[in-house]
Each structure stands twice: as structure tokens, then as C-alpha cells.
1. Write out the trypsin sites (Lys or Arg not before Pro) in region 6-61 meeting two conditions: DSSP loop, and at most 14 other Cβ atoms within 10 Å of their Cβ.
2. Taking a temperature of 4 °C and a viscosity of 1.567 mPa s, what whole-number D in µm²/s does Stokes-Einstein yield for the chain with Rh from Kirkwood over alpha carbon pairs?
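Bear in mind that the values in this text are calculations on the coordinates, not laboratory data. Given the structure is predicted, the values throughout are model-derived calculations rather than measurements. Virtual Cβ from ideal backbone geometry, glycine too; neighbours counted across all protein chains shown.
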Amino acid sequence: MENQHNKECVFCKRDDQQVPLVQLSYQSTAYWICPQHIPILIHEPSKLQGMLPGAEKMQAG
Ligand SMILES: [Zn+2]
């Protein structure tokens, strides 16, 4: 993977010293998210607008 975002939750910006982080791959870029915010990615991805490119176009499944 060519691009890698900072190793911190895209939502709350905590790093892996504070919370466990799960890596995401999106548009060839690696992102990280903590377990607390995975439900937002799943259910309310539009809340990630400005944090993930194009998040406002994602639709909750
Ligand atoms: Zn988080």
C-alpha cells in the first residue's frame, strides 16, 4: 500500500498507545479506526465527512 495516514483513529484521533486500532484500506490509502468508532463507519459513514475522502457519498448499508 503506497499511502498511509497517520496511525490514529480517523474519527477521534487517538493513537494506538491509547486504543486498539484497526486498519482500513480505502482508495489505496491506509487509515486507522478504533473499535469505538467502527459502528460509525458501518452505520453512519456520512459522519466521517472530512475525515475520509468521499465519505459523504457513502451510504449506510
Ligand atoms: Zn476513534
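1. Numbers: sites: 7, 13, 14, 47, 57; in loops: 13, 14.
When the trypsin sites (Lys or Arg not before Pro) of region 6-61 are filtered for loop state and at most 14 Cβ neighbours within 10 Å, 13 remain.
2. Details: Rh = 11.6 Å.
Approximately 112 µm²/s, per Stokes-Einstein.
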